[in-house]
Amino acid sequence: MCNVRKGHPCGGHNGRAVTRIHGRVAMAVLLALSLTAAPGAWASTTPAEAQTGHVHTQHAQTQHTHACPMHPEETGMERDRCGICNMFLTQPIEGAESALAHTHACPMHPEETGMERDRCGICNMFLTQPIADAELALAHTHACPMHPEETGMERDRCGICNMFLTQPIADAEPAQAHTHACPMHPEETGMERDRCGICNMFLTQPIAADGVAESEEEEVGDDPHAGHSEAGLASLDPLPQALPSVEAGATATVKYVCPMHPHIVSDDADATCPICGMDLEAVTVGAATEEVVVGVSGGMQQALGMRTQTVERGTLWQYIKTLGEVQYNEDAISHLHTRVTGWVEKLTVTTVGQRVEQGQLLYELYSPELINAQDDYLQALDYAKQDPKRGDDLKRRARLRLELLGMSNRVINQVERSGESLYRVPFYAPSSGVISAIELRDGMYIQPGNTLIELVDLSTVWVIADVFENEQGWLETGRPADVTAAPQGLFEIEGQIDYIYPELDATTRAMRVRVKLDNPGEQLRPGSLVDVELYGGPKRGLLIVPTEALILTGRENRVVVQHDSTGFASVPVKLGMMSQGKAEILEGLNEGDQVVVSGQFLLDSEASIQGSLRRLSAGEAAADPHAGHNH
């Protein structure tokens, strides 16, 4: 050991160097001692502890495949979050090879493996090639139709021809293959939309996690179809029962009906139901003359509020009640025109709706043409005094000229008496009425062809009523009519059919009937709506029923007839005239029949052609493999 003293070369920096050397020697000695003791320590580890450590190591490798980009010491599964910064763990750990990490390989570099949709470390392509030895539970359920050796999941693609893997593998029974069961036969299981091997129905009943169909948990009793027989349902009092019976001489036909969905009907014997997939069963259906009788108990009749009435013969008065519109009497409309050119000098009427009387001054007109005609007339008068024989003819033609130019006899006589021409010729109202249109103002220049004033006489009006096509047969001119205008306090104003228009209204498809009415107080105003009643003669000895008993379907008319206390049938009828809540029956009923007038719509629906097909229970039911399952 060196003695160091002050001023010796070993002092100062050299002394510190010697100290570091001594520290390194000490560390080497400690390392040697630890390596010498290590074999014993490893030897003392038990096999169980070694196995436990291996399990923990493998579990850590499986669970910790990714690390935090900011804190690499924070590891876990992909998409877990960092315990420090809460970021997703997106940084893959190179040495982590979990059990699920290597299911796909790179198509170009098979040695590059990993999870599906990972990228190849060489070419950066997605790992889309399944690894052959990765035997997942659902990996190999289908094969390629062209290359059976290429297998995988359904809708995967073949690695050779790129076709979808659509051919099921017969011996491939994955755990998820049997997820649904048949609603009718729960023991028949398979994938959803597969078909039952017994009834050919689609497998639509999901199987619960314990392997039992969900519907079985709700069944009562040992029989899954207990309580679903036709006899059991038919015995219930409130339910109506369809009893199809073929009449004598009727020709039967065969239809194919789904036992589960009776509204599915086909003529094809090999057809299947598009809803449940079951084979359609043959059913014998009667001809068009078949009558479907619906049985309804007395209690059900009371619940429906059913009422019946007897078919009788009686008298119907031809009667129509409709709406009408008050319009001007077009025969009482006057148009005032001018026959000469000139200027209006004085106008006494100015507004629409103003009432004028016959002979009332309307306007004065200055017209050079009328002045010349007046002068000629005055000269003819003078010539007639000198030569009566030839002057009378000249006077007559000059006066006729003034009349044709629009001057009234009243004005011509005034000119003749005064012997002077009028520079402002007055024009008077030819009749009394109301101004419905005016195109005239003071100082206006007018000329022939223009309608100056329109006058309407409201002492009479027209009522235009609409009548539907099925009520037109007995209408004719001269039939009495009553008009009611309740807002004006006018009731049952008597009139008659004045005219029947030959064409139908293009919008309402109704025939128009005109009724002419006197309007002394001018209370009926054009444009107002009124109630119109049209009357015809009586028709006696008709077979009649209340209109509330009719079922008007558009294609045909039907009524429900009661055969006995609980039997009802829907029959087609042919109608005649309808009036005052009653209808004439031409065909389909007999006198004395009982028809339903309340609650018949439900019975008709039950007995309709479509409804009867849904409830057929003919002898073919014995051959039905699902007999007794009335749904």
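Figures for the structure shown
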| quantity | calculated |
| --- | --- |
| Two-site label geometry, residue 271 and residue 594: point separation in nm, points 7 Å out along Cα→Cβ | 3.9 nm |
| Largest to smallest accessible area among 462, 343, 317, 474 [probe 1.4 Å] | 317, 343, 474, 462 |
| Cβ crowding within 10 Å averaged over residues, with 369-379, 486-496 ranked highest first | 369-379, 486-496 |
| Computed FRET value (nearest 0.05) for residue 366 with residue 460, which takes r as the C-beta separation and R₀ as 41 Å | 0.65 |
| Added length on full extension, which subtracts the Cα-Cα distance from 0.36 nm per residue, residue 516 to residue 439 | 24.8 nm |
| By accessible area with a 1.4 Å probe, ligands and nucleic acids excluded, highest first: order of 202, 126 | 126, 202 |
| Solvent-accessible heavy-atom area per residue, rounded to whole Å², over segment 478-531 at 1.4 Å | 59 Å² |
| FRET efficiency, residue 178 to residue 307 (Cβ-Cβ, R0 56 Å, nearest 0.05) | 0.45 |
| Neighbour-limited loop hits for trypsin sites (Lys or Arg not before Pro), segment 459-567 (at most 13 other Cβ within 10 Å; DSSP other than H, G, I, E, B) | 509, 555 |
| Segment 333-391: relative contact order in percent, alpha carbon pairs under 8 Å with at least 6 residues between | 31 percent |
| Cβ-Cβ FRET estimate between residue 386 and residue 337, R0 fixed at 30 Å, reported to 0.05 | 0.20 |
| Solvent accessible area, Å² - residue 161, 1.4 Å probe, full protein context | 50 Å² |
| Approximate spin-label separation residue 147-residue 475, in nm, with each point projected 7 Å along Cα-to-Cβ | 8.2 nm |
| Apportionment of accessible area to carbon and sulfur, segment 357-454, percent (1.4 Å) | 46 percent |
| Computed lengthening from residue 450 to residue 350, 0.36 nm per intervening residue step minus Cα-Cα distance | 34.3 nm |
| Ratio Rg/Rh [Cα only; Rh per Kirkwood] for segment 309-393 | 1.45 |
| Distance in nm between pseudo-label sites at residue 81 and residue 330 (7 Å out along the Cβ direction from Cα) | 8.6 nm |
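The values are calculated or read from the model by the stated rules, or taken from the named source; none is laboratory data. The structure displayed is predicted, hence computed values, not measured ones. Using ideal geometry, Cβ is built from the backbone for each residue, glycine included, and neighbour counts are taken over all protein chains shown. Surface accessibility is based on the protein's heavy atoms, side chains included, excluding ligands, DNA and RNA. Shrake-Rupley method; radii C 1.70, N 1.55, O 1.52, S 1.80 Å.
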